[in-house]
Amino acid sequence: MSINHKPDQAVPVYEVEQSLKTSLWSKEWLIVYSLCLVGLLNYLDRTMLSTMRSSIVEKIPMSNAQFGLLTTVFLLSYGICSPIGGFLADRFQRSRVIIFSLCIWSVVTWLTSYVTDFSILLLTRAVMGISEACYLPAALALITDYHGNKTRSLAVGIHMTGIIAGQSLGFVGGWLAEMHTWNYAFYLFGIVGIGYALILAFFLKDKPVSKEESSSHRNEEKKIDFFQVMSTLMTNLNFTLLLGFWCLLGIVGWLIMGWLPTYYQERFHVSQGIAGLYATGYLYPFSMVGVVVGGLLADRWNQSNKRARILIPAIGLLIAIPGVLLAVNTQYIEIAILGFMMYAFTKVFSDANLMPILCTIIDEKYRATAYGILNLFACVVGGIGIYAGGMLRDAQISMDYIFLFASFVMLLCLVPLALIYFRNKTEKLAG
(Lines give C-alpha, C1' and ligand atoms only; values in the text may rest on other atoms or scores of the structure.)
Protein backbone atom coordinates (compact mmCIF):
# COMPACT_ATOMS: atom_id res chain seq x y z
CA MET A 1 0.00 0.00 0.00
CA SER A 2 1.44 3.35 -1.00
CA ILE A 3 2.34 5.87 1.66
CA ASN A 4 3.56 8.60 -0.65
CA HIS A 5 2.32 12.13 -0.04
CA LYS A 6 2.11 15.35 -1.90
CA PRO A 7 4.49 17.53 0.15
CA ASP A 8 3.37 20.85 1.53
CA GLN A 9 4.78 23.88 -0.22
CA ALA A 10 7.24 26.01 1.72
CA VAL A 11 5.72 29.08 3.34
CA PRO A 12 7.80 32.18 4.19
CA VAL A 13 8.52 32.71 7.88
CA TYR A 14 6.76 36.07 7.94
CA GLU A 15 3.56 34.31 6.78
CA VAL A 16 3.88 31.85 9.66
CA GLU A 17 4.22 34.71 12.16
CA GLN A 18 1.28 36.56 10.65
CA SER A 19 -0.82 33.38 10.70
CA LEU A 20 -0.10 32.89 14.41
CA LYS A 21 -0.95 36.51 15.22
CA THR A 22 -4.28 36.46 13.45
CA SER A 23 -5.57 32.99 14.20
CA LEU A 24 -4.67 32.07 17.79
CA TRP A 25 -8.40 32.07 18.59
CA SER A 26 -9.52 30.35 15.40
CA LYS A 27 -11.30 27.01 15.44
CA GLU A 28 -8.01 25.19 14.76
CA TRP A 29 -6.44 26.61 17.91
CA LEU A 30 -9.55 26.23 20.05
CA ILE A 31 -9.36 22.51 19.25
CA VAL A 32 -5.82 22.45 20.65
CA TYR A 33 -6.75 24.36 23.82
CA SER A 34 -9.77 22.17 24.50
CA LEU A 35 -7.73 18.99 24.07
CA CYS A 36 -4.96 20.42 26.23
CA LEU A 37 -7.39 20.29 29.17
CA VAL A 38 -8.39 16.73 28.28
CA GLY A 39 -4.70 15.77 28.26
CA LEU A 40 -4.31 17.29 31.72
CA LEU A 41 -7.24 15.24 33.06
CA ASN A 42 -5.89 12.14 31.32
CA TYR A 43 -2.57 12.22 33.12
CA LEU A 44 -3.90 13.60 36.39
CA ASP A 45 -6.43 10.78 36.73
CA ARG A 46 -3.77 8.15 36.11
CA THR A 47 -0.96 9.59 38.27
CA MET A 48 -2.71 10.80 41.40
CA LEU A 49 -3.12 7.23 42.70
CA SER A 50 0.59 6.98 43.50
CA THR A 51 0.51 10.18 45.59
CA MET A 52 -2.14 8.90 48.00
CA ARG A 53 -0.67 5.49 48.76
CA SER A 54 -0.86 5.79 52.56
CA SER A 55 -4.49 6.91 52.52
CA ILE A 56 -5.55 4.07 50.20
CA VAL A 57 -3.66 1.35 52.07
CA GLU A 58 -5.21 2.53 55.32
CA LYS A 59 -8.73 1.90 53.95
CA ILE A 60 -7.96 -1.01 51.58
CA PRO A 61 -5.16 -3.09 53.14
CA MET A 62 -2.64 -4.35 50.57
CA SER A 63 1.02 -5.25 50.32
CA ASN A 64 3.64 -3.16 48.53
CA ALA A 65 3.58 -5.67 45.69
CA GLN A 66 -0.18 -5.34 45.34
CA PHE A 67 0.06 -1.55 45.29
CA GLY A 68 2.71 -1.78 42.56
CA LEU A 69 0.45 -4.18 40.67
CA LEU A 70 -2.14 -1.40 40.35
CA THR A 71 0.26 0.57 38.14
CA THR A 72 1.51 -2.52 36.32
CA VAL A 73 -2.03 -3.54 35.32
CA PHE A 74 -2.76 -0.01 34.14
CA LEU A 75 0.39 0.14 32.00
CA LEU A 76 -0.24 -3.30 30.49
CA SER A 77 -3.85 -2.60 29.55
CA TYR A 78 -2.97 0.89 28.33
CA GLY A 79 -0.05 -0.24 26.23
CA ILE A 80 -1.71 -3.30 24.68
CA CYS A 81 -4.84 -1.37 23.75
CA SER A 82 -3.08 1.73 22.37
CA PRO A 83 -2.73 0.42 18.78
CA ILE A 84 -6.39 -0.66 18.85
CA GLY A 85 -7.42 2.75 20.17
CA GLY A 86 -5.41 4.39 17.40
CA PHE A 87 -7.02 2.18 14.77
CA LEU A 88 -10.48 3.14 16.02
CA ALA A 89 -9.52 6.80 15.64
CA ASP A 90 -8.34 6.14 12.07
CA ARG A 91 -11.37 4.03 11.21
CA PHE A 92 -14.07 6.23 12.75
CA GLN A 93 -14.43 9.89 13.71
CA ARG A 94 -11.47 10.95 15.81
CA SER A 95 -13.53 13.47 17.80
CA ARG A 96 -16.11 10.83 18.79
CA VAL A 97 -13.34 8.47 19.94
CA ILE A 98 -11.86 11.27 22.08
CA ILE A 99 -15.19 12.11 23.71
CA PHE A 100 -16.04 8.44 24.28
CA SER A 101 -12.61 7.82 25.83
CA LEU A 102 -12.87 10.85 28.13
CA CYS A 103 -16.38 9.88 29.22
CA ILE A 104 -15.50 6.25 29.97
CA TRP A 105 -12.32 6.92 31.95
CA SER A 106 -14.08 9.71 33.87
CA VAL A 107 -16.93 7.37 34.78
CA VAL A 108 -14.36 4.80 35.90
CA THR A 109 -12.56 7.49 37.94
CA TRP A 110 -15.85 8.43 39.60
CA LEU A 111 -16.73 4.77 40.29
CA THR A 112 -13.27 4.25 41.82
CA SER A 113 -14.29 6.56 44.65
CA TYR A 114 -16.80 3.91 45.80
CA VAL A 115 -14.38 0.96 45.75
CA THR A 116 -13.72 -0.83 49.03
CA ASP A 117 -12.03 -4.01 47.79
CA PHE A 118 -8.56 -4.51 46.26
CA SER A 119 -9.72 -6.78 43.44
CA ILE A 120 -12.30 -4.21 42.31
CA LEU A 121 -9.70 -1.44 42.53
CA LEU A 122 -7.42 -3.54 40.33
CA LEU A 123 -10.26 -3.95 37.83
CA THR A 124 -10.89 -0.19 37.69
CA ARG A 125 -7.21 0.43 36.90
CA ALA A 126 -7.35 -2.08 34.06
CA VAL A 127 -10.50 -0.51 32.60
CA MET A 128 -9.00 2.95 32.98
CA GLY A 129 -5.96 1.81 31.01
CA ILE A 130 -8.17 0.46 28.21
CA SER A 131 -10.29 3.61 28.00
CA GLU A 132 -7.37 6.06 28.21
CA ALA A 133 -5.53 4.16 25.45
CA CYS A 134 -7.98 5.58 22.92
CA TYR A 135 -7.30 9.22 23.76
CA LEU A 136 -3.75 10.27 22.90
CA PRO A 137 -3.47 8.73 19.41
CA ALA A 138 -6.86 10.18 18.46
CA ALA A 139 -6.10 13.62 19.94
CA LEU A 140 -2.74 14.04 18.21
CA ALA A 141 -4.17 12.80 14.92
CA LEU A 142 -7.05 15.28 15.18
CA ILE A 143 -4.66 18.14 15.94
CA THR A 144 -2.49 17.31 12.93
CA ASP A 145 -5.62 17.08 10.78
CA TYR A 146 -6.44 20.68 11.68
CA HIS A 147 -2.86 22.01 11.66
CA GLY A 148 -0.77 21.74 8.54
CA ASN A 149 2.74 22.71 7.59
CA LYS A 150 2.77 26.13 9.27
CA THR A 151 1.73 25.32 12.85
CA ARG A 152 1.71 21.55 13.35
CA SER A 153 4.62 21.17 15.78
CA LEU A 154 3.57 24.16 17.88
CA ALA A 155 0.01 22.83 18.10
CA VAL A 156 1.26 19.43 19.28
CA GLY A 157 3.64 21.14 21.71
CA ILE A 158 0.86 23.21 23.29
CA HIS A 159 -1.23 20.07 23.71
CA MET A 160 1.72 18.33 25.38
CA THR A 161 1.86 21.11 28.00
CA GLY A 162 -1.49 19.83 29.26
CA ILE A 163 -0.07 16.33 29.64
CA ILE A 164 3.01 17.60 31.45
CA ALA A 165 0.81 19.74 33.70
CA GLY A 166 -1.30 16.67 34.51
CA GLN A 167 1.84 14.77 35.50
CA SER A 168 3.11 17.62 37.66
CA LEU A 169 -0.26 18.05 39.41
CA GLY A 170 -0.39 14.43 40.55
CA PHE A 171 0.41 15.67 44.07
CA VAL A 172 -3.11 17.17 44.20
CA GLY A 173 -4.45 13.66 44.76
CA GLY A 174 -2.33 13.20 47.87
CA TRP A 175 -3.22 16.67 49.13
CA LEU A 176 -6.97 16.08 48.71
CA ALA A 177 -6.62 12.66 50.37
CA GLU A 178 -5.04 14.32 53.41
CA MET A 179 -7.65 17.09 53.51
CA HIS A 180 -10.63 14.78 52.98
CA THR A 181 -10.39 11.06 52.06
CA TRP A 182 -8.68 9.17 49.25
CA ASN A 183 -12.07 8.74 47.57
CA TYR A 184 -12.68 12.48 47.29
CA ALA A 185 -10.15 13.18 44.52
CA PHE A 186 -11.49 10.36 42.34
CA TYR A 187 -15.05 11.54 42.90
CA LEU A 188 -14.21 15.16 42.11
CA PHE A 189 -12.16 14.63 38.96
CA GLY A 190 -14.52 11.93 37.73
CA ILE A 191 -17.42 14.39 37.83
CA VAL A 192 -15.28 17.10 36.18
CA GLY A 193 -14.35 14.74 33.36
CA ILE A 194 -17.92 13.59 32.74
CA GLY A 195 -19.09 17.20 32.61
CA TYR A 196 -16.33 18.20 30.23
CA ALA A 197 -17.09 15.26 27.94
CA LEU A 198 -20.70 16.48 27.68
CA ILE A 199 -19.46 19.97 26.76
CA LEU A 200 -17.07 18.63 24.10
CA ALA A 201 -19.88 16.56 22.58
CA PHE A 202 -21.46 19.79 21.33
CA PHE A 203 -18.50 21.42 19.58
CA LEU A 204 -15.58 19.01 19.12
CA LYS A 205 -15.77 17.82 15.51
CA ASP A 206 -13.50 16.22 12.96
CA LYS A 207 -12.02 18.47 10.32
CA PRO A 208 -14.51 18.79 7.44
CA VAL A 209 -13.46 17.08 4.19
CA SER A 210 -14.68 17.54 0.67
CA LYS A 211 -17.29 15.19 -0.80
CA GLU A 212 -14.65 13.63 -3.05
CA GLU A 213 -12.29 12.98 -0.11
CA SER A 214 -15.12 11.66 2.05
CA SER A 215 -16.25 9.22 -0.63
CA SER A 216 -12.69 8.09 -1.27
CA HIS A 217 -12.05 7.51 2.44
CA ARG A 218 -15.25 5.53 2.90
CA ASN A 219 -14.42 3.27 -0.03
CA GLU A 220 -10.89 2.69 1.21
CA GLU A 221 -11.99 2.06 4.81
CA LYS A 222 -14.05 -0.91 3.67
CA LYS A 223 -10.90 -2.54 2.29
CA ILE A 224 -8.75 -1.98 5.39
CA ASP A 225 -8.59 -4.08 8.51
CA PHE A 226 -6.50 -3.78 11.64
CA PHE A 227 -3.91 -6.40 10.73
CA GLN A 228 -3.46 -4.93 7.26
CA VAL A 229 -2.76 -1.52 8.77
CA MET A 230 -0.31 -3.04 11.27
CA SER A 231 1.49 -4.86 8.47
CA THR A 232 1.70 -1.69 6.40
CA LEU A 233 3.19 0.27 9.28
CA MET A 234 5.65 -2.34 10.52
CA THR A 235 7.09 -2.85 7.03
CA ASN A 236 7.73 0.89 6.68
CA LEU A 237 11.44 1.26 7.45
CA ASN A 238 11.16 4.92 8.41
CA PHE A 239 8.44 4.06 10.90
CA THR A 240 10.46 1.23 12.47
CA LEU A 241 13.42 3.60 12.80
CA LEU A 242 11.20 6.16 14.51
CA LEU A 243 9.88 3.40 16.77
CA GLY A 244 13.47 2.55 17.74
CA PHE A 245 14.16 6.19 18.50
CA TRP A 246 11.06 6.51 20.70
CA CYS A 247 11.86 3.30 22.60
CA LEU A 248 15.41 4.44 23.36
CA LEU A 249 14.19 7.86 24.46
CA GLY A 250 11.56 6.17 26.64
CA ILE A 251 14.27 4.28 28.51
CA VAL A 252 16.04 7.58 29.18
CA GLY A 253 12.90 9.27 30.46
CA TRP A 254 11.95 6.49 32.85
CA LEU A 255 15.51 6.11 34.16
CA ILE A 256 16.06 9.78 34.86
CA MET A 257 12.63 10.80 36.16
CA GLY A 258 12.19 7.55 38.06
CA TRP A 259 15.49 7.80 39.92
CA LEU A 260 16.15 11.55 40.07
CA PRO A 261 14.61 12.04 43.55
CA THR A 262 16.79 9.21 44.88
CA TYR A 263 19.83 10.79 43.24
CA TYR A 264 19.26 14.14 44.95
CA GLN A 265 18.62 12.42 48.27
CA GLU A 266 21.74 10.28 48.22
CA ARG A 267 24.17 12.63 46.47
CA PHE A 268 23.32 15.84 48.30
CA HIS A 269 21.80 14.42 51.51
CA VAL A 270 18.51 16.30 51.33
CA SER A 271 15.15 15.17 52.70
CA GLN A 272 12.66 13.15 50.69
CA GLY A 273 10.35 16.15 50.32
CA ILE A 274 13.10 18.47 49.11
CA ALA A 275 14.41 15.83 46.72
CA GLY A 276 10.92 15.43 45.27
CA LEU A 277 10.63 19.20 44.83
CA TYR A 278 13.97 19.43 43.03
CA ALA A 279 13.07 16.47 40.80
CA THR A 280 9.65 17.77 39.75
CA GLY A 281 9.07 21.39 40.72
CA TYR A 282 12.15 22.61 38.91
CA LEU A 283 11.82 20.31 35.90
CA TYR A 284 8.16 20.22 34.86
CA PRO A 285 7.86 23.99 34.28
CA PHE A 286 10.95 23.89 32.06
CA SER A 287 9.51 20.93 30.16
CA MET A 288 6.26 22.83 29.59
CA VAL A 289 8.16 25.78 28.13
CA GLY A 290 10.55 23.54 26.20
CA VAL A 291 7.84 21.55 24.41
CA VAL A 292 6.31 24.81 23.11
CA VAL A 293 9.68 26.27 22.11
CA GLY A 294 10.63 23.02 20.35
CA GLY A 295 7.37 23.09 18.41
CA LEU A 296 7.68 26.76 17.45
CA LEU A 297 11.30 26.40 16.31
CA ALA A 298 10.45 23.36 14.20
CA ASP A 299 7.51 25.10 12.51
CA ARG A 300 9.55 28.14 11.61
CA TRP A 301 12.61 26.25 10.41
CA ASN A 302 10.43 23.80 8.50
CA GLN A 303 9.48 26.59 6.08
CA SER A 304 13.00 26.53 4.63
CA ASN A 305 14.10 23.00 5.55
CA LYS A 306 11.61 20.12 5.26
CA ARG A 307 13.70 18.00 7.63
CA ALA A 308 13.67 20.56 10.44
CA ARG A 309 11.27 18.45 12.49
CA ILE A 310 13.90 15.70 12.52
CA LEU A 311 16.77 18.10 13.25
CA ILE A 312 15.15 19.96 16.17
CA PRO A 313 14.80 16.81 18.36
CA ALA A 314 18.42 15.90 17.51
CA ILE A 315 19.64 19.35 18.52
CA GLY A 316 17.59 19.10 21.70
CA LEU A 317 19.29 15.83 22.64
CA LEU A 318 22.72 17.27 21.87
CA ILE A 319 21.99 19.94 24.48
CA ALA A 320 20.32 17.54 26.94
CA ILE A 321 23.31 15.16 27.03
CA PRO A 322 25.81 17.79 28.32
CA GLY A 323 23.15 18.89 30.80
CA VAL A 324 23.00 15.43 32.38
CA LEU A 325 26.80 15.07 32.26
CA LEU A 326 27.15 18.43 34.00
CA ALA A 327 24.70 17.37 36.70
CA VAL A 328 26.48 14.12 37.56
CA ASN A 329 29.94 15.66 37.64
CA THR A 330 29.43 18.37 40.22
CA GLN A 331 29.44 18.60 43.98
CA TYR A 332 27.10 21.60 43.95
CA ILE A 333 23.37 20.94 44.02
CA GLU A 334 22.64 24.22 42.23
CA ILE A 335 24.70 23.12 39.24
CA ALA A 336 23.07 19.69 39.26
CA ILE A 337 19.63 21.31 39.20
CA LEU A 338 20.76 23.56 36.33
CA GLY A 339 22.01 20.55 34.36
CA PHE A 340 18.76 18.65 34.73
CA MET A 341 16.85 21.82 33.80
CA MET A 342 18.79 21.84 30.52
CA TYR A 343 17.77 18.21 30.03
CA ALA A 344 14.11 18.88 30.85
CA PHE A 345 13.93 21.90 28.54
CA THR A 346 15.43 20.32 25.42
CA LYS A 347 14.57 16.62 25.71
CA VAL A 348 10.90 17.45 25.11
CA PHE A 349 11.70 18.93 21.68
CA SER A 350 11.12 15.31 20.63
CA ASP A 351 7.64 15.21 22.18
CA ALA A 352 6.53 18.25 20.18
CA ASN A 353 7.78 16.77 16.91
CA LEU A 354 7.08 13.04 17.15
CA MET A 355 3.61 13.19 15.60
CA PRO A 356 4.69 15.79 13.02
CA ILE A 357 7.52 13.46 11.98
CA LEU A 358 4.97 10.66 11.68
CA CYS A 359 3.03 12.92 9.33
CA THR A 360 6.04 13.02 6.99
CA ILE A 361 6.46 9.25 6.75
CA ILE A 362 2.98 7.77 7.32
CA ASP A 363 -0.24 8.11 5.35
CA GLU A 364 -2.66 10.42 7.17
CA LYS A 365 -5.22 7.60 7.40
CA TYR A 366 -2.91 5.61 9.71
CA ARG A 367 -1.50 8.35 11.96
CA ALA A 368 -3.46 7.43 15.07
CA THR A 369 -2.69 3.72 14.72
CA ALA A 370 0.99 4.52 14.23
CA TYR A 371 1.06 6.63 17.38
CA GLY A 372 -0.77 3.87 19.23
CA ILE A 373 2.04 1.47 18.33
CA LEU A 374 4.58 3.97 19.63
CA ASN A 375 2.56 4.18 22.86
CA LEU A 376 2.56 0.41 23.22
CA PHE A 377 6.32 0.13 22.96
CA ALA A 378 6.80 3.17 25.22
CA CYS A 379 4.93 1.31 27.96
CA VAL A 380 7.01 -1.82 27.41
CA VAL A 381 10.35 -0.01 27.55
CA GLY A 382 9.07 2.06 30.47
CA GLY A 383 8.62 -1.11 32.47
CA ILE A 384 12.02 -2.36 31.32
CA GLY A 385 13.63 0.95 32.22
CA ILE A 386 12.21 0.97 35.74
CA TYR A 387 13.19 -2.67 36.29
CA ALA A 388 16.69 -2.16 34.86
CA GLY A 389 17.22 0.82 37.15
CA GLY A 390 16.17 -1.28 40.12
CA MET A 391 18.56 -4.07 39.11
CA LEU A 392 21.43 -1.61 38.83
CA ARG A 393 20.62 -0.21 42.26
CA ASP A 394 20.43 -3.71 43.76
CA ALA A 395 23.87 -4.35 42.30
CA GLN A 396 25.10 -1.27 44.21
CA ILE A 397 25.75 0.63 40.99
CA SER A 398 26.23 4.34 41.63
CA MET A 399 23.49 6.72 40.52
CA ASP A 400 26.19 8.57 38.57
CA TYR A 401 26.73 5.53 36.34
CA ILE A 402 23.00 5.08 35.83
CA PHE A 403 22.69 8.64 34.55
CA LEU A 404 25.85 8.26 32.45
CA PHE A 405 24.18 5.23 30.87
CA ALA A 406 21.11 7.38 30.19
CA SER A 407 23.35 9.93 28.46
CA PHE A 408 24.81 7.18 26.29
CA VAL A 409 21.30 5.99 25.33
CA MET A 410 20.42 9.58 24.34
CA LEU A 411 23.44 9.50 22.05
CA LEU A 412 22.13 6.27 20.53
CA CYS A 413 18.80 8.03 19.91
CA LEU A 414 20.55 10.14 17.30
CA VAL A 415 21.27 7.08 15.14
CA PRO A 416 17.69 6.30 13.98
CA LEU A 417 17.01 10.03 13.57
CA ALA A 418 20.09 10.34 11.37
CA LEU A 419 19.03 7.32 9.31
CA ILE A 420 15.57 8.81 8.73
CA TYR A 421 17.18 12.11 7.79
CA PHE A 422 19.65 10.69 5.28
CA ARG A 423 17.24 8.12 3.84
CA ASN A 424 14.94 10.97 2.87
CA LYS A 425 17.60 13.53 1.96
CA THR A 426 16.96 13.14 -1.73
CA GLU A 427 13.18 12.83 -1.31
CA LYS A 428 10.54 15.46 -0.72
CA LEU A 429 8.99 15.01 2.68
CA ALA A 430 5.37 15.75 3.39
CA GLY A 431 4.49 18.49 5.88
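The values are calculated or read from the model by the stated rules, or taken from the named source; none is laboratory data. Every value quoted in this text rests on a predicted model; they were computed, and no experiment measured them. Here the Cβ is made from the backbone with ideal geometry for all residues, glycine too, and neighbour counts use every protein chain on show. Each accessible area value is taken on the protein alone, full model and side chains, heavy atoms only, with ligands, DNA and RNA left out. Shrake-Rupley method; radii C 1.70, N 1.55, O 1.52, S 1.80 Å.
Rounded to the nearest 20 debye, the dipole magnitude of the chain is 760 debye, with +1 charges on Lys and Arg beta carbons, -1 on Asp and Glu beta carbons, and the Cα centre as origin.
Looking at the calculated P(r) for the chain, what percent of the C-alpha pair distances fall above 33 Å? Kindly include the intermediate steps, with their values, before the conclusion.
Values: 30903 of 92665 pairs.
Percentage above 33 Å: 33.
If each DSSP helix of 4+ residues adds -39,500 (n - 2.57) and the sum is divided by the residues in the chain, what number results at 222 nm, nearest 500 deg cm²/dmol? Taken over the chain, the calculation gives -26500 deg cm²/dmol.
Rounded to the nearest whole Hz, the Karplus-based 3J(HN,Hα) values (6.51 cos²θ - 1.76 cosθ + 1.60, θ = phi - 60°) of the range 141-152 follow the sequence 5, 5, 4, 6, 5, 7, 10, x, 4, 7, 9, 5, with x at glycine and proline. Expressed as a whole percent, the accessible surface of the range 33-191 that belongs to carbon and sulfur atoms is 69, based on a 1.4 Å probe. Exposed loop sites here are chymotrypsin sites (Phe, Trp or Tyr not before Pro) assigned a DSSP state other than H, G, I, E or B and surrounded by at most 10 other beta carbons within 10 Å; excluding them, the longest clear run of the chain is 26-331. Using θ = phi - 60° in the Karplus curve 6.51 cos²θ - 1.76 cosθ + 1.60, the 3J(HN,Hα) couplings for the range 366-382 round to 10, 4, 5, 4, 4, 5, x, 5, 4, 4, 4, 5, 5, 5, 5, 6, x Hz; x is entered for Gly and Pro. Backbone geometry of the range 59-64 corresponds, through the Karplus equation with coefficients 6.51, -1.76 and 1.60 at θ = phi - 60°, to 3J(HN,Hα) couplings of 8, 10, x, 7, 7, 4 Hz, x marking Gly and Pro. Using a probe of 1.4 Å, the accessible surface attributed to ARG152 totals some 20 Å² when neighbouring protein chains are kept in position. Accessible surface area normalised per residue over the chain is 44 Å², counting heavy atoms of protein chains with a 1.4 Å rolling probe. As a length-normalised measure over Cα pairs under 8 Å and 6 or more apart, the relative contact order of the range 316-371 settles at 33 percent.
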